[in-house]
1. Do you know which residues across the stretch B:35-72 are within 11 Å of chain A (Cβ to nearest Cβ), among the small types (Gly, Ala, Ser) and either outside any loop (DSSP other than H, G, I, E, B) or under 14 Å from B:Ala151 (Cβ atoms) (or both)?
2. What number of residues in the stretch B:214-223 are of a type in the set (Gly, Ala, Ser) and in contact with a strand residue (DSSP E or B) (Cβ under 6 Å, 6 or more places away or on another chain)?
3. With respect to B:Arg243, determine if the residue is among the basic types (Lys, Arg) and either surrounded by fewer than 17 Cβ atoms within 10 Å (Cβ to Cβ) or not in a helix (DSSP H, G or I) (or both).
4. Name the single residue, out of those in the stretch A:1-47 being among the polar types (S, T, N, Q) and surrounded by 21 or more Cβ atoms within 10 Å (Cβ to Cβ), that is nearest to A:Leu146 (Cα to Cα).
5. With the requirement that a residue be touching a Lys or Arg at 6+ places or on another chain (Cβ under 7 Å) and either closer than 22 Å to B:Pro203 by Cβ or not aliphatic (A, V, I, L, M) (or both), what does the stretch B:264-286 give you?
6. I'd like the full set of residues that are farther than 13 Å from B:Thr303 by Cβ, in contact (Cβ under 8 Å) with a residue 60 or more places away in the chain and of a type in the set (Ser, Thr, Tyr), limited to the stretch B:368-405.
7. So if I check each of A:Gly35, A:Gly126, A:Gly65, A:Gly109, which one is free of Cβ contacts under 8 Å to residues at least 60 places away in the same chain, out of contact with any strand residue (DSSP E or B) (no Cβ under 6 Å at 6 or more places or on another chain) and not β-branched (Val, Ile, Thr)?
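Derivation of every value follows stated rules applied to the coordinates shown; laboratory data play no part. Since the structure is predicted, the reported quantities are computational estimates derived from the model, not experimental observations. Backbone-built Cβ (ideal geometry, glycine too); neighbour counts: all protein chains shown.
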Amino acid sequence: MKRLRGKAWRVGDNVDTDQIIAGRYLSLTDPEELGRHCFEGSYPHLAGGFGKGDIIVAGENFGCGSSREHAVIALKALGASCVIARSFARIFFRNCVNLGLLPLECPSGVAGIEAGDELSIDPAEGKVLNLTRGLAFHFGPWPPFLEEILAAGDLTTYVRRQLSQV
Amino acid sequence: MGLTITEKILARAAGRGAVEPGDILRVKVDLVMGHDVTLPLSILELGRMGAARVFDAGKVVAVSDHFAPASNVKAAEQIKAVRDFARDQGLVHHFEPGCGQSGVCHALLPEEGLILPGYVVVGADSHTTTYGALGAFGTGMGSTDIAAAMALGETWLRVPQSLRLYYHGQPGRWICGKDLILHTLGRLSVAGAIYKAMEFCGPVIEKLAMSDRFTMCNMAVEAGAKNGIIAPDATTEEYLKGRVTGAYEPLTSDSDACYAVTYDFDCQDLEPQVAFPFSPDNVRPVQDAAAVAIDAVIIGSCTNGRLEDLRVAGEILRGRKVARGVRLIVIPATQRTYLEALKEGLLEVFAEAGAAVGTPTCGPCFGGHMGLLAAGERAVSTTNRNFVGRMGHPESQVYLASPAVAAASAVLGRIAHPEEVAD
C-alpha cells in the first residue's frame, strides 16, 4: 500500500452517512455526481475546498447510520485518500476496506491534528506524520484477512481472484 | 463457559463448536437481501467479480421499496435494473409495489416467512438488524459486501461481544417497543453498542408482541450495534405458524453466557419517549416536547408501519381530525398490511381524519419521496432516524416517536401524550 499525503479536514463525532450523502441523491450512480453532493448541507465549506488526496479527520463513530456505499463512493470522488477517526461505525468501516478507502482508527492522531495540517501516511508502517506540527502517531495493524483485501485493492478484485481459482 | 444466542448462531454458520468475541469467521449465509438503492451497485460489482450467477437463486432476495413506485426517471432505471437482475438470475423472491406482495423490506421478509430463527441474514441495508426479533442473526452491509455474499454464499464476520439488556416492571398503557428502544438509545447513545450484539430480554420483552420486538431490533443499529436479538419463544412460534415451512431449531443463550455489560431497565414509570433532532439518542419523555408545534406527522416505515402500529394510530384518530395546519401521512409498511388495514376499516379512519394514505414504500423515511420536509418545517415521525436533513431540507427537524404519540400529535398540532387525546 502506497504512502498518502494531503491536508487535514476536521469533522465532529457521530457523522452519519446521511450527512456524507443525503438520501435524495441515492438514485444517482455516477461517482462524480455523488462527489459533488458530498457533505452538502452538513459541512459545506469542506465540500467547497477539498483537494485531491486530502484527508478527513473525524471523532467517534464516523459513518454511522445507513449502510449506503454511496457515502464511500462520494468521499472518494470528493478526493479523500483516507479517513482518520477516533472510531468508525462498523458498516462504514467495512465499506471503506471493500472500496479501498483506508479507514485509520487512530485516537491519538485525531487529538493531535488540526484542520489544515499537512499529513503524510505510511499504511505499511502504520504511521501518521503531522508535517505541520512535527508529530507522529501510530495505528494498529488490520486483521490479516483485511490486509489481504486492502492489498488486493478492493473486495471486488479479491473475490474475482478467488472465483477464478475455483 | 456458555455461549450467547448470537455466538451460537455464528458458530453453527461457521461450522465450529464454539466461538469467542473477536474471532473472525467465514460464515455461510442463509439469506442475502438488497433493495433498489443498494442492489444496483451490488449488481455492478457482481459483474466485475466475474460471477455469472448468484450462489442460490432461492436465497437472494430483491426488494424495490425505497424509491418505488418510481419517484423519478433515475429511480425508475434503478428499479428496472433490480427487476432485470431478478429475472435474469431467476430469483425466487423479487418484490415490487404493484406486483403482488411487496413492501418495505424489513417488514416484508418476516411477513413472507423468509426469516427463520437461527438464520444468518445479511442485507444491503443497515436495518437488517430487524430480523433478530425472530432469533436470527441479521446485520447490514454495503453493496460490495453483499455482492460478495451473493457470489460466494458466505461472508466474513467478527464475533461481537454481547450486551444484555434486561427490561422489567409493568409498563403503562401507551408504552410500546418504540418507547423501550428510544429510552435504551438515550442511555447507551448512538455509539454505545458499536460492533456489539444487543440482546433484549427480561419479563417486559417476554410479554412483548412481535411487532414491538421488530421495532426494537430494527433500531439496535442506531446504537451502532452489529445485531439486535431476542430469544425465540411462544410468541415467535405463534408468528411463524403458517408462514414458514422449513424446520428450525430455536437457539437461546446459556445461563452462564458471557456479556460485556448488562443494562437494567425499569419500565414501571416509563413515559412515552421522543428523540429530539438531530440524533436518535437525544431522547426525552414526551412531556418535555409538549410545547413543540409541528407541520407534519409521518406514520409508517420498517420501524413502525406494521398492522399493530396502524391499529394504535387508528384508535387515537377514530372520529377525530388532523389539526389545522398539520399534514398527516400514513404509509402501511407492506401490501398485506395495507389490505388488512383496509379490511379492518383503518384506512377509512385515517382518510376520514384527513390523512394522506400511501402505497407501501420507504419514501419519506430516508428523504426519498412521498412527503419530504421544507426548510424550517418540523415533523413527528415513527421512523428510525432524525439526522440533519434525513427527511428533507437540512434545516428541517424530525422528532422520533411511537405511533400513539404521532397520532395524538397530529390531532393536537403539537407533540402530545396519547392520553391527552384518547378516551
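1. Result: B:Ser42, B:Gly47, B:Gly50, B:Ala51, B:Ala52.
2. Of the residues in that region, 1 qualify.
3. The answer is yes for B:Arg243.
4. A:Thr17
5. Here is the first cut: in the stretch B:264-286, the residues touching a Lys or Arg at 6+ places or on another chain (Cβ under 7 Å) are B:274, B:276, B:280.
Within the stretch B:264-286, B:Phe276, B:Pro280 qualify.
6. Scanning the stretch B:368-405 gives a single hit, B:Tyr399.
7. Working: A:Gly126 fails: out of contact with any strand residue (DSSP E or B) (no Cβ under 6 Å at 6 or more places or on another chain); A:Gly65 fails: out of contact with any strand residue (DSSP E or B) (no Cβ under 6 Å at 6 or more places or on another chain); A:Gly109 fails: out of contact with any strand residue (DSSP E or B) (no Cβ under 6 Å at 6 or more places or on another chain).
It is A:Gly35.
Yes/no matrix, rows are residues, columns are (1) assigned to a helix (DSSP H, G or I); (2) more than 9 Å from chain B (Cβ to nearest Cβ); (3) more than 30 Å from B:Ala197 (Cβ to Cβ); (4) in contact (Cβ under 8 Å) with a residue 60 or more places away in the chain:
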residue: A:Gly53; (1), (2), (3), (4): no, yes, yes, no
residue: A:Ile91; (1), (2), (3), (4): yes, no, no, no
residue: A:Arg94; (1), (2), (3), (4): yes, no, no, no
residue: A:Asn98; (1), (2), (3), (4): yes, no, no, no
residue: A:Leu104; (1), (2), (3), (4): no, yes, no, no
residue: A:Ile121; (1), (2), (3), (4): no, yes, yes, yes
residue: A:Thr132; (1), (2), (3), (4): no, yes, yes, no
residue: A:Gly140; (1), (2), (3), (4): no, yes, no, no
residue: A:Arg161; (1), (2), (3), (4): yes, yes, yes, no
